[in-house]
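Engineer: Have a look at this one.
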Amino acid sequence: MRLGGPGHAVRSANDSAGHTSLKVVLPDSSELELPDGATGLDAAGAIGKRLAQDAVLVRANGQVQDLRLPLADGQRIEILTKRDAEDPDALAVLRHSTAHLLAEAVRRLYPGVKIAIGPPIENGFYYDFEFPEPISEDDLAKIEDEIRRELKEGRAWSREEVSAEEAIKRFEAEGEQYKVELVGSAEGPISFYTQGDFTDLCRGPHLQNSKPIKAVKLTGLAGAYWRGDERNTQLTRIYGTAFYSQEDLDQHLERLEEAKRRDHRRLGRQLDLFHFDEHSPGSPLWHPKGMVIWNALEDVRRRENGKRGYVEVKTPLIYDQALWVTSGHWEKFRENMFLIPLENEQLYAIKPMNCPGHMLLYGSELRSYRDLPLRYTEAAPLHRNELAGALHGLTRVRYVTQDDAHIFCTQEQIPAELDGCIDYLRYLYGLFGLEPRAEFSTRPDDKLGTDEEWDFSEAELEAALERNQIQYDVGAGEGSFYGPKIDLHVSDVLGRSWQLGTIQLDRQMPARFGLTYVGQDNVEHPVFVIHRALYGSFERFIAILVEHYGGAFPFWLAPVQVRILPVADDHREPARQIRDGLAGAGFRVDLDDRDETVGKRIRDAELEKIPKVIVYGDRESPERLSVRDRGGEQYEIGLVALVRDLAKLSA
RNA sequence: GCCGGAGUAGCUCAGUGGUAGAGCAACUCACUUGUAAUGAGUAGGCCGUGGGUUCGACUCCCACCUCCGGCUCCA
């Protein structure tokens, strides 16, 4: 989480020389007059003693600020207290302070440990350490106890500003090399926060004291590279979370449990959609019910591609090494490719992407400007030898299927084609009620091509985002090696963000393949390629859908849409006829005539999250069916009317 | 690949240096069922794989495989 630096807010009304007071605006729009140099804490004190005691943070003009820092004239301020227990900023400051308690505890328990960095994050905080001896999860309980001891004793934070030289000298004396490095790269004033006998380099803000920290839990242990770079030493990261009350922590843990019930890996097995086998790690085995969802996505893809002027192609799965050298993958992607060394033959590789095949296809003929734009689409199986530790259910697989397309177009056609992709994206994500975040990813360090070329490509994508009024974050250096990208991200049930759709503008790969078109001027021009996958991959998209719906798919996606339950033996035959009638009308319907009670079979249908259950007994007839919706709502309807209603749900 | 954890019946999980357990699912029988679990019985295990220690290993040690939580990388 990014906390606003306090440095910017320090400027007070000095420019209006001679004034010895400043005014701030409170949330109720009333004004508060304070002596010049007054801090957030002073402001709280001026309002009430109790507020000053309870204050944890001040928000000045929307920016969080440490209570100990001076306010500026004219700022709108808001004092946050433990009563703002759900405010993200109030939680962040609590957790940040708890991270410091963790560091203090670890330093006391493990002499010789080096401390690195410990920020608040989405649902808690972490702190990175270099331990002299490795620790294990069993150690967490001991550390947690030590934090509780600190809380019982009570801690108060004090803040001081020092020069960079002084800070470096101090950390060098303590042998804290990571802190020395951090000071070296710090911007703005260097500040220290001290609680007990523990002093840490920190920008803040922090609590006044540890009283508001009512619940702490250390949640995990992991390796993490210093500064996120795998060439650096791997530190030990301790994760934890903290709350203003025990109830909030309990609620948080409950939500986690609830989220786990929606996990696509769990539901995948429960709903009989897919599974994994250790004989092919990272490669799902799709069950019939999973394929229903897959094919529903395929149907949408084919239908919309057809409407939007795409043409379907099919290209080889394996290519020789020379092709991959031309495409640039041999240099940039080799370690992620499955190679096929054949006896007495060239080295082949299974494709991790469709692009090179589509390049060959485009290059197989002389192309005219009249042919463009040419939109090739192919959802072929791709294989990427992902690092073993990176595999993750359906969200990160080795056998992946993109809803891929490559749009070959002229430079002038780029804006319209990008707009077309964005419109398509909007349609698709809207269909499922997904609300993705857009990220604009720019040139990476290992890019192909010149900065001038990238300036152009990046400008085209950014202009498309602006034109379509899409809010986006910038992923500096996150682009593909051949071009910048617009990526769509959606979070899974446990808050992990996954990239789904992507739109990439590429002039490198067509150039490497010598691809051109003949213009109206009878001169060959370089052709541009837009790589785009809108679901991203079927696998990941289905994972997100399973969690998005919690397995309760809308009628049109549900693997089994209707289940018929005959009450007793005599009802089996008429129930079969109802089933056949609905199946004939094109619905996915099955019959549960097991020798179980109706109650039991209803329960099973609910657990399978089947949208419609029809109980058929003495009271029913084709003119009068008893339908139970998923969740328990019941109504009566004739077969003909039911077919009509269900057809509407399928559209 | 790296750090930490875990692999026991189809699934969810107990167990421990001395004969391998439960619930659900499966199968059989009875019940003929009315909107979230009818009852009884039966069967089901190279306790992830390979080595080692031991009179004896599911249990202790080592290596590997797979999965889980992170890191890095990525659709």
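Laboratory data are not the source of any read-out in this text; all were calculated from the coordinates shown. Given the structure is predicted, the values throughout are model-derived calculations rather than measurements. Methodologically, a virtual Cβ is constructed for each residue, glycine included, from the backbone with ideal geometry; neighbour enumeration extends over all protein chains shown.
Engineer: With θ taken as phi - 60° and the coefficients 6.51, -1.76 and 1.60, list the Karplus ³J(HN,Hα) couplings across the stretch A:311-327 in order, rounded to whole Hz; mark glycine and proline as x.
Structural biologist: Each residue's phi maps through the Karplus curve to give 10, 7, 9, 9, 10, x, 8, 10, 9, 6, 4, 4, 4, 6, 5, 4, 6 Hz.
Engineer: Okay, next question. Tell me the chymotrypsin sites (Phe, Trp or Tyr not before Pro) within the stretch A:259-299 that lie in a loop according to DSSP and have at most 11 other beta-carbon atoms within 10 Å.
Structural biologist: Qualifying residues, ordered by number: none.
Engineer: I need the GluC sites (Glu not before Pro) found in the stretch A:288-376, filtered to DSSP loop residues with at most 16 other beta carbons within 10 Å of theirs.
Structural biologist: The qualifying sites are A:E343, A:E345, A:E365.
Engineer: Loop only per DSSP, at most 16 neighbouring Cβ atoms within 10 Å: give me the GluC sites (Glu not before Pro) in the stretch A:563-651, ordered by residue number.
Structural biologist: Within the stretch A:563-651, the qualifying GluC sites (Glu not before Pro) (loop, at most 16 other Cβ atoms within 10 Å) are A:E596, A:E623, A:E633.
Engineer: List A:I564, A:I77 from most exposed to least, where exposure is judged by having the fewest other Cβ atoms within 10 Å.
Structural biologist: A:I77, A:I564
Engineer: For each of A:D128, A:D54, count neighbouring Cβ atoms within 10 Å of the residue's Cβ, then give the residues from fewest to most. Before the final figure, lay out the partial values.
Structural biologist: Details: A:D128 23, A:D54 18.
Ordered from fewest to most neighbouring Cβ atoms within 10 Å, A:D128, A:D54 come out as A:D54, A:D128.
Engineer: Related question: If you line up the long axis of helix A:138-153 against the longest principal axis of chain A, both from Cα atoms, how many degrees apart are they, to the nearest 10?
Structural biologist: Compared with the principal axis, the helix lies near 40 degrees.
Engineer: Given R₀ = 51 Å, what would the calculated FRET efficiency be for A:R624 paired with A:R467, taking r from the Cβ atoms and rounding to 0.05?
Structural biologist: Once rounded, the FRET efficiency stands at 0.35.
Engineer: Moving to a separate point now. Sequence gap at least 6, Cα distance under 8 Å: using those rules, report the relative contact order of chain A to the nearest whole percent.
Structural biologist: About 8 percent, as a whole number.
Engineer: Follow-up. Take every Cα pair under 8 Å in the stretch A:40-86 that's 6+ residues apart, average their separations, divide by the length, and report that relative contact order as a whole percent.
Structural biologist: After rounding, I find 40 percent.
Engineer: Would you mind calculating the relative contact order of the stretch A:248-372 from Cα pairs under 8 angstrom and at least 6 residues apart, reporting the percent as a whole number?
Structural biologist: Reported relative contact order: 14 percent.
Engineer: Where does each of A:R231, A:R266 land when they are ranked from fewest to most other beta-carbon atoms within 10 angstrom?
Structural biologist: By the 10 Å Cβ count, ascending, the order reads A:R231, A:R266.
Engineer: Quick one: angle between helix A:288-307 and the longest Cα principal axis of chain A, in degrees between 0 and 90, rounded to 10, please.
Structural biologist: 90
Engineer: Work out from phi, with θ = phi - 60° and the Karplus expression 6.51 cos²θ - 1.76 cosθ + 1.60, the ³J(HN,Hα) of each residue of the stretch A:189-199, listed in order in whole Hz, and give x for Gly and Pro.
Structural biologist: x, 8, 10, 10, 10, 10, 9, x, 9, 10, 10
Engineer: How much length is gained if the chain between A:S158 and A:N344 is pulled fully straight, taking 0.36 nm per residue apart and subtracting their Cα-Cα distance, in nm to one decimal? Mind dumping the intermediate values first?
Structural biologist: Working: separation 186, 0.36 × 186 = 66.96 nm, distance 7.27 nm.
That works out to 59.7 nm of additional length.
Engineer: Further, regarding this structure: Quick one: Karplus J couplings for the stretch A:453-463, per residue in order, coefficients 6.51, -1.76, 1.60, θ = phi - 60°, nearest Hz, x for Gly and Pro?
Structural biologist: For the stretch A:453-463, the Karplus-derived couplings read 4, 5, 4, 5, 4, 4, 4, 4, 5, 5, 4 Hz, x marking Gly and Pro.
Engineer: Let me ask something else about it. Would you work out which of A:L639, A:G599, A:S650 lies farthest towards the positive end of the dipole of the stretch A:583-651, given +1 charges on the beta-carbon of Lys and Arg and -1 on that of Asp and Glu, about the Cα centre?
Structural biologist: So the residue we want is A:S650.
Engineer: Can you tell me the 0 to 90 degree angle between the C-alpha axis of helix A:88-109 and the longest principal axis of chain A, rounded to 10?
Structural biologist: The angle comes out at about 70 degrees.
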